[in-house]
Structures are given as structure tokens and as C-alpha cells.
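Enquirer: One structure, pasted below without further comment.
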Amino acid sequence: MSVLNNSEGKHFLLIGTPGLEYAHTWISIPISLTYLIAIPGNCIILSVIKTESSLHEPMGYFLTMLAVSDMALSFSSLPTMFRIFVLSAMGISPNACFAQEFFIHGFTVMESSVLLIMSLDRFLAIHNPLRYSSILTGSSVAKMGLMLAFRSTALELLFPFTLRRLKYCQKNLLSHSYYLHQDVMKLACSDNNFIYGFFVALCTMLDFALILISYLLILKTVLSIASLAERLKALNTCVSHICAVLIFYVPIITMAAIHRFAKHKSPLTVILTADMFLLVPPLMRFIIVYCIKTRQIREKVLGKMVNLCMR
């Protein structure tokens, strides 16, 4: 069975921004700036965490995992974004499409898992600070990282093979600037594994539910502290993580709500929301979470910039 069964060729077509094709050159400018800030910015974060021994602690390792995931998501979406908005090339082969799906959705699951582990890390640090360092050692964090990578790969591994076996007899025009699983599934006219896709989405939402439960437990622990100053100090350690969670989940929930509940949704609104899901988190996490809200990293990054300027 051929991957595509239609008269329009053997490629999917990515639409970019419907109705604004004439402005793709202008749209490419903010998109390019986003990549130019997010990718080098996350490289700087990884360099700072690697070279500064004071950051060789569980939270530093978790931030490393997030930075790697952010960079991987950026590199996964960059080829199609560049082809559409800079080269005006809309075609993408099925194999490239399915490979992009694996990496984008796989690293999305990876980020969700890391954010869950970070919420448990914050709960343990506040609830039982005396045992924190003995429980979260370097080896235990490394094992958790391997488990998260295995979980992400296992959840997404079957998707490319499942999609490759489907029969696509409708038009092959995709309505986004990158491969989105739900978008391609709409083109399939053969039976598809809806239950498996729903299970993967449910795992991500389960992570979010467990994060909320963790913060309810954190809030309960904080309220039991007698001193108001100590309460505020404990909550302040969670601000960076809360920002990271909001930056990650708000676009996902917004996109799901638009698809599910918006009766007269604008195609442009859906596409812009989907683009924000990939472009905004790597950029905002670097600016807000790492450089503004994480004091240790902010000081180290500013120190490196000052040294570079003085040379």
C-alpha cells in the first residue's frame, strides 16, 4: 500500500498561514528572531550549568533536561518553518513528516515528564528539606532522566509506523507550519488507532493533574509554617517552576480548547496557537525562567556576558 493514495503526488503540503501567503517574508522575521534567541540562549544555559559546579545539583540537572528538550523542539520544527516562510517550499515527504511527528511529540512528552519531576522535587525540598540531598542524589537524577527518555520514546515510537500504514485518500494539504498528529489523522480514510493517540494525550494531561496535586500538597505544607517570612521564602523557590509549567501547558490547553469547543474558529487563530506552542516556550523559558527568576543562572549568565564584553 502506498503511503498516499491520491492524484496530487507523494507529498504532504504544509499551508503555513492561510490567506497571508503574500506576507510570509515578513512573518519569517519574528520567527527567525525567536529561533536566534531561543537556540543560542539555551546553549548558554547548558554551558553555564556545565561549567559552574554550584549548579551541579538536582534543579540544575532538571533545567538541563528542559533546555535540551527546548532545543530539540526548536530543531525539530525549524526545517519546515524555514522551508515555508523563507523558501516558500510547502511540500514535505511522508517519511520526513512522520519523523518530525516523532521528535516534536516525543520531546513534548519529555518536557511534560520533566516538569512533573520538578514539581515533586519542589515538594520534597519544602516538605522534607533535611532528607532532600540524601534522596535526590546525582545518580538518582540520572536514573530519572533515563526513565523519562525511555517513557517519551516508548509512548511515541509506534506513531510513525502506525501512520505509515494508513491510507490517505483525501487531499494532502496540512493546515499548520509543521506536522501535527491530529492534522494528519484527519486526512486518513482508513481505520486509525484513535485509542492509542488518546492514551498518549491522556498521559500528558495526567502529568498536569499530578503537578496540580503536588502544588496542593506544597501549599498545605507552606500553610503549616508559622512564620510568614518563611512561607514567602518557601513559595519563592517555586516561582520559576510555576512559570515553566504555565508557559508549557497554557498553549497546549488553549489549542485543545479551540479545537474542541470553538464552533466558528478561525483557521488563522488555530494555526497561530499551534505555532505559539512550539515557538513561545523555548524563548520565554530562557528569558523568564532561567535568566529572570533563577538567580544563580542569571548571575552566571551576566558574568559570562561581562567577561566577553571586556575581552
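The values are calculated or read from the model by the stated rules, or taken from the named source; none is laboratory data. Predicted model, so just to flag it, every value in this text is computed and none were measured. Note that each Cβ is placed from the backbone with ideal geometry, even for glycine, and that neighbours are counted across all protein chains shown.
Enquirer: Among the listed residues Ser69, Ser112, Ser119, which satisfies the condition of being surrounded by 20 or more Cβ atoms within 10 Å (Cβ to Cβ), under 17 Å from Phe208 (Cβ atoms), free of Cβ contacts under 8 Å to residues at least 60 places away in the same chain and of a type in the set (S, T, N, Q)?
Expert: Ser69
Enquirer: Let me ask something else about it. Going by the conditions given, is Ile39 in a helix (DSSP H, G or I), surrounded by fewer than 20 Cβ atoms within 10 Å (Cβ to Cβ), under 17 Å from the mean Cα position of the chain (by Cα) and not basic (Lys, Arg)?
Expert: yes
Yes/no matrix, rows are residues, columns are (1) surrounded by fewer than 16 Cβ atoms within 10 Å (Cβ to Cβ); (2) hydroxyl-bearing (Ser, Thr, Tyr); (3) under 17 Å from the mean Cα position of the chain (by Cα); (4) in a strand (DSSP E or B):
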position: Ser74; (1), (2), (3), (4): no, yes, yes, no
position: Arg83; (1), (2), (3), (4): no, no, no, no
position: Ala89; (1), (2), (3), (4): yes, no, no, no
position: His105; (1), (2), (3), (4): no, no, yes, no
position: Ala125; (1), (2), (3), (4): no, no, no, no
position: Ser134; (1), (2), (3), (4): yes, yes, no, no
position: Ala142; (1), (2), (3), (4): yes, no, no, no
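Enquirer: Let me ask something additional. Here is a list of conditions, (1) in contact (Cβ under 8 Å) with a residue 60 or more places away in the chain; (2) under 30 Å from Ile135 (Cβ atoms), and Ser88 meets all of them except one; can you say which number that is?
Expert: In the conditions (1) in contact (Cβ under 8 Å) with a residue 60 or more places away in the chain; (2) under 30 Å from Ile135 (Cβ atoms), Ser88 misses (2) alone.
Enquirer: Return the total of residues in segment 278-296 being more than 15 Å from Cys243 (Cα to Cα) and modelled with pLDDT of 70 or more.
Expert: Residues flagged as more than 15 Å from Cys243 (Cα to Cα) and modelled with pLDDT of 70 or more within segment 278-296 amount to 2.
Okay, residues lined up against (1) assigned to a helix (DSSP H, G or I); (2) touching a residue at least 12 places away in the same chain (Cβ under 8 Å); (3) among the aliphatic types (A, V, I, L, M); (4) over 30 Å from Ile271 (Cβ atoms):
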position: Arg131; (1), (2), (3), (4): yes, no, no, yes
position: Ser139; (1), (2), (3), (4): yes, no, no, yes
position: Ala149; (1), (2), (3), (4): yes, yes, yes, yes
position: Ser152; (1), (2), (3), (4): yes, yes, no, no
position: Leu155; (1), (2), (3), (4): yes, yes, yes, no
position: Leu163; (1), (2), (3), (4): yes, yes, yes, no
position: Tyr178; (1), (2), (3), (4): no, yes, no, no
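Enquirer: Counting only residues that are outside any helix (DSSP H, G or I) and surrounded by fewer than 18 Cβ atoms within 10 Å (Cβ to Cβ), which one in segment 207-260 is modelled with the highest pLDDT?
Expert: Among those residues, the one meeting the criterion is Ser224.
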